[in-house]
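Structure first, commentary second.
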Amino acid sequence: MRLEENEGFLTHRETAISLGDDTNFGRSEGLRSRNSVIISQATNRSIFSSRISPASEKVGFILGEEEDNNEETNHPLLFTQLNELFIVDEDVEWRETARWMKFEEKVEDGGERWSKPHVTTLSLHSLFELRTCMEKGTILLDFETCSFKHIIETVTSLQIANNDLKAELKDKIMYVLLRRYLHQTTKSQRRTVADMGKNCCRGKKAPSKTSVIEFSDQPLKEQLKNKFKRKIAEWTEVSNILVGEVDFLDKPFIAFIRLKEAVILGALTEVVLPSRFLFILLGPKAKLKAYHEIGRAIATLLTDELFQCVARKAMNREELIAGIDEFLDELTVLPPGKWDPTVRIQPPKFLPSTQKRKSMLFRESKPHCNGNMQHHDERLAHGHPHVSDELKRTGRLFGGLVNDIRRKARWYWSDFYDALHIQCLSAILFIYLATVTNAITFGGMLGDATDNMQGVMESFLGTAIAGAVFCLFAGQPLTILSSTGPVFVFERLLFSFSKDNGFNYLEFRLWIGLWVAFFCIILVATEASYLVQYFTRFTEEGFCALISCIFIYDACKKMINLADYFPINWEYSRNNVTLYSCTCAAPNAGNHSLLNETIYEVYNSSMNSSVIMMDREFVNWSRLTQKECLKLGGHLEGNSCNYVPDVTFMSLILFFGTFACSTSLKYFKTSRYFPTSVRKLTSDFSIILAILIFCGIDAFCGLETPKLIVPSKFKPTNPSRGWVVFPFGENPWWMCVAAGIPAILVTILLFMDQQITAVILNRKEYKLQKGAGFHLDFFCVAVLLIITSVMGLPWYVSATVISLAHMESLKMETTTSAPGEQPKFLGIREQRVTGLFVFILTGVSVFLSPVLKYIPMPVLYGIFLYMGVAALGSIQIMERLQLFLIPAKHQPDYIYLRHVPLRRVHLFTLIQLLCFVVLWILKSTIAAIIFPVMLLALVGIRKTLEYIFSLHDLSWLDDILPEKERKEQEDQQKKQEVDTSDSEDSELMYQEKGPEINISVN
């Protein structure tokens, strides 16, 4: 135990004389010796002094000692409780009036509920008084005890020994501090209702004098049942603040105690947790508000992460005071009269990063070198990007692939048991339905474009095989493989070329696939994935916006096409309802032979005996269904035969309803209704719930809306082909060599498509712990190209939107958070099971067709719309497009608008928009053959922007391209440079940067 003795209190005049200053800076009564503090602050931080602040040096030394000794810096969280002394029936008791985890909560005046969490606002005077308390009070550091009574006895004995407390006052102080402690415990709703009933029955009753009991050394029943403990992490410790006024003291009784080992101090705290710190302040009458504010001040300091580190590591009084001075140095003052003190400031979404605050403190203690300081206009927002280990070139053939395998091998088994969480079930169901819908959509389009040489069955089989193999062996198993739009465009052009020139499509495609696989393996061997570091946000946003718009366009196009299959009678008039009819008319006289041949077939299929008369020579045509009428050779007559009532409008309701319901349920976790666990579970299963809700609505209405149709038999779509494509047959021998030419374009397309998606998925903002595998992923794609080409299945590559949706459905957040604190993003649940199960279910969907046939297609199209809108709305280009329509004074406070002129922001946005339009035109016309080259050209266009924009502007609007000759210099400057002159830059440092491209599906 380390003891800092009380040096006694100095009067205002004595303090001024000792400092050599006769100026009176204000009142000084008791604790209010402010100008000593002000003078010391002025001396330490004066602009006329060149030396570093002693407080910064001491705090930096304390925090730096932790780093040097490689100690665990993640200290337990601290729950702080403020107890104040109240007079009750000529006796006293302690009542909890406020508490802190991250933010302050007060007991409302009624005493029945806690306030909303809010940012603590303090008077500057209370902090100065607290500093004086720490200077003059008793400090016990690393005190060993197991009871609260022992602590009080030790503190009072020390003050008596130092002549700071009269011996006859010890029993009185002991009596006051060992009175009953009442806590504002959180009760369940059932218990609250029960208490209300008891109060109504008993009425108001004055508390008896015997109800005031002494302090309990054991936790009370109310503490053990407190529901608030669920929101606190298990390793949390407590700091107890006790303040109050008594009539037997003539000067304050102050003590700050840090226990060597945190222990549970009976009924002292609201929750049964071990206590680490205690602060006791008892003083004379008539200063209750001052004591209250000092208690709030020390509680606020103990919620600050940096001061907590200092308080845990401090060796003496001076180091504690240095921590207070450092807190004052970071303090922001709001001028009186410019804000409403009664307004409670809501907790912010982003909090300062403790590590970055520490790094700024370490830099502050180092002398600056003017030669290393850059001009403000040339400072970059993010500097030059650091090349990750996955993209460092080894200089050996397949060196990157070998490193990827070694890096991922140690995580392989954890990729399976890390999936043991209910969140993975939600991800499997959601991504499975998205994958099945995608396979049916692209399979149908491929069937139409290739005369069913590749159809829905091939799409299902290829998706299952390629996806499952990729999830088992790839470096990033969270990636979802799919047939993409650019690949479909190439397939359509290839089939047209083969048909026009009399070539066998599948055989020609086989050789192209083999060449593409060969080129891809060469790229893996030469570590070409190193080039992905040139894919900056400019390229990523352009590609992601294109894919997102394709999703939105296809979903809306499918819904519009429903009007062709289920026409709407736009000219319907209620007055003409009697004129609308549709009947089956008999065929012409010459079609009797057709009637005789088909009548028995219709009878057997429909089993409608009333349709066929007993003599089978006369048919009641007016009672035939549409299919029976047309099959018997009849024709439909009437003005309503071409219209299908209600189906199109019902499909639109299902389409937009699923989209709106998915969006609403996704954000349900941030609502105020229901407990947190219910909101979180609802948000996790938002997509599945939306699908089930609107499937139920569709079944209840009973309309014949289009349903999901899955092949029920395992056979090729086109009977003329088999499951294996032979390399030699109908095509000339030289086609084997000529196939290498289009293979170059496909290789560029697959490389860009795969690697841009991989870069987006592996961004550092997602906090992936198991690393990426760019080379291994592309090698798996190359191997799968061989398999799918030999079997005549579609080619597969990473699907950007569905892959991002998969990752976001596995997003992890903190399960316990302080009141008012936003849940922190912890990372992605990295595993292989969800993707593996998705593709296994896709493969067995042939056997699930009796169940899947009840899912309306408009519901699945609504999910596609949701994914596309979510992807498009989360990229920065959408923010910048909105700026064109918002007047400058109403524009959001985006960080890049503080540093880049608005006209430059608009110019950058217009260039991005122009590139997007060119990409869309290319993929939609016959010029789609050069689409892969245009994707590659985006990198060149981004390089050209450096001649239009300064590096400073690009650093805020985009990422900086890597430059070899600058890399080492930039890495050194990152460690040495300090920039604390710009508050906006500091704010950017404090903000936890979220994922740049974010598809939220929970």
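Observations on the model:
- Protection-proxy order for peptides 116-127, 299-310, each taking the mean of Cβ atoms within 10 Å per residue, highest first: 299-310, 116-127
- Backbone N under 18 Å from the E946 label point (7 Å along Cα→Cβ), restricted to the stretch 513-544: 530-540
- In terms of its Cα atoms, the stretch 433-489 spans 36, 20, 20 Å along the principal axes, sorted from long to short.
- Solvent accessible area, Å² - K136, 1.4 Å probe, full protein context: 30
- Modelled FRET efficiency - R0 30 Å, Y565 with S712, Cβ distances, 0.05 increments: 0.90
- Computed label-point distance, nm, for sites E234 and S147 using a 7 Å Cα→Cβ extension: 3.0
- Using heavy atoms of the protein chains and a probe of 1.4 Å, the accessible area assigned to K666 is about 20 Å².
- Hz values of 3J(HN,Hα) by residue in the stretch 890-898 - Karplus curve (6.51, -1.76, 1.60), Gly and Pro given as x: 9, 6, x, 8, 6, 5, 6, 6, 7
- Nitroxide proxy distance, nm - points 7 Å out along Cα→Cβ at K225 and V263: 2.9
- The solvent-accessible area of V859, taken with every protein chain present and a 1.4 Å probe, is close to 0 Å².
- If R0 is taken as 35 Å, the Cβ-Cβ distance between V724 and M878 corresponds to a FRET efficiency of 0.15.
- With all protein chains in place and ligands, DNA and RNA left out, the 1.4 Å accessible area ranks R679, R344, R509 as R344, R679, R509, largest first.
- Stretchable slack from D250 to I744, in nm (0.36 nm times residue separation minus alpha-carbon distance): 168.7 nm
- If the chain linking T925 and R396 were pulled fully straight, counting 0.36 nm for each residue of separation and taking away their Cα-Cα distance, it would gain 186.3 nm.
- Stokes-Einstein diffusion coefficient of the stretch 789-882, Kirkwood radius over Cα pairs, 37 °C, 0.692 mPa s, in µm²/s: 192
- Taking a point 7 Å out from the Cα of I345 in the direction of its Cβ, the residues of the stretch 102-126 whose backbone N falls within less than 15 Å of it are 102-105, 117-125.
- The largest accessible area among Y894, Y534, Y175 belongs to the first residue in Y175, Y534, Y894, and the rest follow in falling order (1.4 Å probe, all chains).
- Stretch gain in nm, segment F847-E168, where the contour uses 0.36 nm per residue and the Cα spacing is subtracted: 235.6 nm
The values are calculated or read from the model by the stated rules, or taken from the named source; none is laboratory data. Everything quoted here is computed from the prediction, not taken from an experiment. Positions of Cβ are backbone-derived with ideal geometry, glycine not excepted, and every protein chain shown enters the neighbour counts. The area values use the complete protein model at the heavy-atom level, side chains included, leaving out ligands, DNA and RNA. Shrake-Rupley method; radii C 1.70, N 1.55, O 1.52, S 1.80 Å.
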